[in-house]
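Here's the structure we're looking at; comments come further down.
Bear in mind these aren't lab numbers, they're just calculated from the coordinates by the rules spelled out. Computed from a predicted model, the values in this text were never measured in an experiment. FYI the Cβ positions are ideal-geometry reconstructions off the backbone, even for glycines, and counts take in every protein chain you see.
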Amino acid sequence: MANQEDIFRKVISHAKEYGYVVQSSEIYDGLSAVYDYLQNGAELKKNIREYWWQAMVQMNENIVGIDSAIFMHPTIWKASGHVDAFNDPLIDNKDSKKRYRADVLVEDHVAKIEAKIEKEVNKAAKRFGEAFDKEQFLATNTRVVEYQERSQTILKRLARSLEKEDLEDVKNLIVELDIVCPVSGSKNWTDVKQFNLMFGTKLGASADSAMDLYLRPETAQGIFVNFLNVQKSSRLKIPFGIAQTGKAFRNEIVARQFIFRMREFEQMEMQFFIRPGTQKEWYETWKKIRMNWHLSLGMGEEKYRFHDHEKLAHYADAAADIEFKFPFGFKELEGIHSRTDFDLGSHEKFSGKKLQYFDPELEESYVPYVVETSIGLDRMFLAVLSNALVEEELENGSTRTVLKIPAVLAPTKAAVLPLVKKDGLPEIAHKIIADLRLDFNVIYDEKDAVGRRYRRQDAAGTPFCITVDHQTLEDNTVTIRHRDTMEQKRIAIKDITSAIEKEVAMKYWLQKLAVD
Ligand code: GAP
């Protein structure tokens with residue numbers, strides 16, 4: 001079996017070969033941690049955004065969507081705490097001159113311990129077969145228990161030191177754990193320093209009058225500062241939510257793992273405004289709703305887990321990540337944060353404007369509390385793409401590469417293929433395309449033998465291939481081939497739209513979202 005690094009390398013090269021993602025400015029040797037989405041990538045990204053938006057905004061009477069500007073008044077970032085607290089702890093290796101996030105070095109060390117636990121579990125599962133009880137094994141196996149305790153102790157100490165801004169202790173921890181620089185292999189570390197992640201820019205034509213601005217590091221603040229504008233114009237009553245998707249920018253120090261951690265990325269965020277005191281309940285509700293959204297895509301329950309934060313951001317009283325099993329292990333995909341009244345309260349202070357809601361039932365005004373759900377669109381894209389890429393052994397001994405992207409998200413829903421480039425078959429194929437494109441993104445492909453065309457569409461992630469052959473001339477039927485099962489059926493041309501729709505239409509996928 002290929003190891004994790006090989007699998008990840010394959011995902012990255014497949015993304016380029018099949019028109020999904022490439023490094024930005026590639027012909028100038030690229031820009032680190034900045035990426036461009038090509039023809040298939042742009043479609044997949046748009047479909048993920050759409051699936052999120054429909055589930056969030058269209059399916060909920062009390063959630064509306066906005067689109068606020070990337071440039072915002074600089075005081076917003078003072079009020080939000082980002083100017084003072086949006087820092088990463090940095091450490092340099094004196095030999096390699098490489099810079100690292102100190103917390104990531106420690107977390108990577110812990111990930112290695114966790115990989116040992118997984119290895120033990122897999123070994124035991126093999127040994128005990130069906131009788132294997134994972135929970136019991138995790139609770140009783142002495143080696144595994146010791147690994148778990150070690151991980152917990154390290155993570156707790158890291159969280160405590162970061163919370164107290166005790167950077168000396170973070171360095172001590174790195175030294176005590178014998179962490180070496182992955183490049184030089186040495187333990188020759190500098191002290192740990194804080195580094196602010198916001199990008200600065202200027203607004204205005206002349207140097208004297210130009211105003212210093214930041215590129216927004218999260219989309220959330222555009223929602224907070226418009227809270228009353230939306231509430232008054234929509235007349236929504238608490239509890240209600242405001243959603244938006246858009247670009248965010250962070251000067252990330254650790255810029256690796258492809259589109260997992262980027263300097264320019266897109267977020268899909270929703271702020272849910274609630275009565276103070278109800279935050280615990282709503283926090284649990286939104287954890288459940290968001291996990292349900294992920295599960296509805298059918299990528300496998302075992303690929304997700306919750307991770308409760310030990311170290312809370314400056315604005316939160318509870319926070320959890322939905323982690324996804326990427327090719328490099330379980331990592332954060334989405335955050336659910338109980339943000340209290342921190343943001344609105346702080347904007348009241350800094351702007352001098354009231355940001356309160358009059359609750360007609362309680363007959364009193366208050367600053368609402370907020371539960372936020374925040375997912376990175378690019379990270380979701382990576383989850384979908386990496387999960388979809390499969391090398392499949394076929395019955396005849398050959399292999400095929402297939403991108404099993406959930407059909408609702410697939411960039412192209414069907415390819416229409418004339419068996420040969422003559423006898424009127426291309427004309428019929430074009431006619432079918434003209435009809436299908438009113439509902440779906442479809443493409444025409446006549447190059448190479450039909451078997452090779454199937455393989456090409458499998459690798460590009462197209463859920464259906466429609467083949468027009470000589471029988472079509474006689475009875476107006478085509479073959480429809482299913483990407484995942486490779487099953488082929490003969491159907492009438494007039495039934496193609498409904499056959500495709502049943503599997504790709506967003507409404508059928510959204511139906512799975514009802515929470516008990
Ligand atoms: N408004 C809250 C907020 O921004 P966050 O945990 O910093 O919280 C939310 O970010 C999500 O945004 C993350 O779970 C991740 O999916 C995505 N994200 C954050 N930084 C990112 C980066 N540098 N590159 C890609 N996605 C990122």
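Observations
- Residues of the stretch 477-516 with amide N under 17 Å of the 7 Å Cα→Cβ point at Leu438: 493-502
- Once the Cα atoms are used to define both axes, helix 279-296 deviates from the longest principal axis of the chain by about 20 degrees.
- As a proxy for reagent exposure, Asp67, Asp88, Asp133, Asp423 were ordered by neighbouring Cβ count within 10 angstrom, fewest first; the result is Asp67, Asp133, Asp423, Asp88.
- Once the chain from Val121 to Asn188 is taken as fully extended at 0.36 nm per residue, the excess over their C-alpha distance is 20.6 nm.
- Amide H contacts of Thr340 (H built 1.01 Å from N, under 5 Å, at least 5 apart or other chain): Asp317, Val370
- Taking the alpha carbon gyration tensor of the chain, multiplying each eigenvalue by 5 and rooting it gives semi-axes of 42, 32, 24 Å, largest first.
- Inter-part distance, the stretch 137-174 to the stretch 336-358, computed on C-alpha centroids, equals 35 Å.
- Shape annotation for the stretch 401-497: C-alpha extents along the principal axes are 34, 27, 20 Å, from largest to smallest.
- Over all directions, the projected convex hull of the C-alpha atoms in the stretch 309-394 averages 9.3 nm² in area.
- The distance linking the stretch 363-419 with the stretch 261-326 is 18 Å (Cα centroid to Cα centroid, whole angstrom).
- For the chain, relative contact order (Cα pairs under 8 Å, six or more residues apart, normalised by length) works out to 14 percent.
- Spacing of the two label points (7 Å from each Cα toward its C-beta) at Leu394 and Arg455, in nm: 0.8 nm
- Largest first and in whole Å, the equivalent-ellipsoid semi-axes of the stretch 1-139 read 35, 26, 24, each the square root of five times a Cα gyration tensor eigenvalue.
- Residue exposure proxy: Met270, Met262, Met486, ordered by other Cβ atoms within 10 angstrom of their Cβ from fewest to most, comes out as Met486, Met262, Met270.
- Note that the stretch 100-177 carries a Kirkwood radius of 13.8 Å, evaluated over its alpha carbons pair by pair.
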